[in-house]
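Quick notes on the structure that follows.
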C-alpha cells in the first residue's frame, strides 16, 4: 500500500485507497464530466499525482474504472427495481424506461454508455457498454434459457436496448416523454423485437 499524503488520513489498505480514489473521481466526473484530470482527483484527496498514478496508469483507466463501478451499482439497483417481473417484454420495457429516467442523475453511467475509453468500438457498442447491457438482462427474473435465448441472443438484445438508450440520450423528445407516455412509446420498439427473437429461437 502507498502511504504518501492522503491529507493525514492514510488508507488502511490498497482497497480502501482504490475506493477513495474512485470516490474522488466520482466527484470530479460530476463537476467536469469526461474532462477530469488526475490533478483534480489528487487535489481532492490531498495526495500527489504520482500517488494516483500508482493505482491508475492514466486518466482513461481511472475514468473507465469509475464508470464501470457505477455501472455495476446501477445493474444491482435496476435488478432490485425489476425484481419479480418474469415476462421478457415487460422486464425489458421497464428496464429501458428505468434506465432512461435514472440517466440524468448518473454522469458515470452516461460516460459508460457514451465513450469508448480508447477501445476499437465506439461508445454505445463498446465492449464495456455491451457487457453493461448484458449484465442488466442476466439479472432479470426472466428465464432466458427456457425461452431459448442464449448469450449471443442476449448480446443482440443488449445492443438493441443500448441503441434505443442512445437515441433518447441524443434527443429525448419535445417534450421529453416520462412515466406512462414513455413506456407506451417504448413498447412499440421493444415488444416486436423481443417477440421476434423468441419466435426465431423456437425454430
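Read-outs: derived from the displayed coordinates by stated rules, not from any lab. All of these numbers come straight from a predicted model, not from anything done at the bench. Reconstructed Cβ throughout: ideal geometry from the backbone, glycine too, with neighbour counts over all protein chains shown.
Work out, step by step, the length gained on full extension between residue 180 and residue 37: first 0.36 nm times the residue separation, then minus their alpha carbon distance; give nm to one decimal. Display every interim value, and only then the final one.
Values: separation 143, 0.36 × 143 = 51.48 nm, distance 4.02 nm.
Between residue 180 and residue 37, full extension yields 47.5 nm more.
With an 8 Å Cα cut-off and a minimum separation of 6 or more residues, compute the relative contact order for the chain in percent. Don't skip to the end; give the middle numbers.
Working: 201 pairs, mean separation 39.7, N = 203.
Reported as a whole number, the value is 20 percent.
Quickly work out the residue 86-to-residue 54 label distance, labels modelled 7 Å from Cα along the C-beta direction, and quote it in nm with one decimal.
5.3 nm
Between residue 156 and residue 61, with labels modelled 7 Å along Cα→Cβ, what's the label distance in nm to one decimal, could you check?
3.8 nm
Working from Cα positions, state the angle (0 to 90°, nearest 10) between the long axis of helix 179-201 and the longest principal axis of the chain.
70 degrees
For the chain, set up a GNM with springs between Cα atoms under 10 Å and report which of 175, 192, 88 has the largest fluctuation.
Taking springs between Cα atoms under 10 Å, the residue moving most is 175.
When 48, 196, 126 are ordered from fewest to most other Cβ atoms inside 10 Å of their Cβ, what list results? Show your work: numbers first, answer last.
Details: 48 16, 196 10, 126 21.
Ordered from fewest to most neighbouring Cβ atoms within 10 Å, 48, 196, 126 come out as 196, 48, 126.
Roughly how tilted is helix 14-32, in degrees to the nearest 10 and between 0 and 90, from the longest Cα axis of the chain?
Computed tilt is about 70 degrees.
Using 0.36 nm per residue of separation minus the Cα-Cα distance, give me the extension gain between residue 9 and residue 198 in nm, one decimal. Spell out each step's value before the answer.
Working: separation 189, 0.36 × 189 = 68.04 nm, distance 5.49 nm.
In short, 62.5 nm is gained.
Please arrange 157, 72, 169 by how many other C-beta atoms lie within 10 Å of their C-beta, fewest to most.
Numbers: 157 20, 72 14, 169 17.
Ascending Cβ contact count within 10 Å gives the list 72, 169, 157.
Using 0.36 nm per residue, how much length does the chain from residue 138 to residue 19 gain when fully extended, once their Cα-Cα distance is taken away? Working shown, then result.
On the way: separation 119, 0.36 × 119 = 42.84 nm, distance 2.61 nm.
Taking 0.36 nm per residue and subtracting the Cα distance, the gain is 40.2 nm.
How high is the relative contact order of the stretch 6-56, in percent, counting Cα pairs under 8 Å that sit 6 or more residues apart?
On the way: 31 pairs, mean separation 19.5, N = 51.
Relative contact order of the stretch 6-56: 38 percent.
Enter the angle in degrees (range 0 to 90, nearest 10) between the Cα long axis of helix 127-138 and the first principal axis of the Cα atoms of the chain, meaning the one along which they spread out most.
It is inclined by approximately 60 degrees.
Arrange the following residues from fewest to most other Cβ atoms within 10 Å of their Cβ: 160, 53. Mind dumping the intermediate values first?
Values: 160 18, 53 15.
The fewest-first ordering by Cβ neighbours comes to 53, 160.
In the Gaussian network model of the chain, springs joining C-alpha atoms below 10 Å, which of 66, 42, 31 carries the largest mean-square fluctuation?
31
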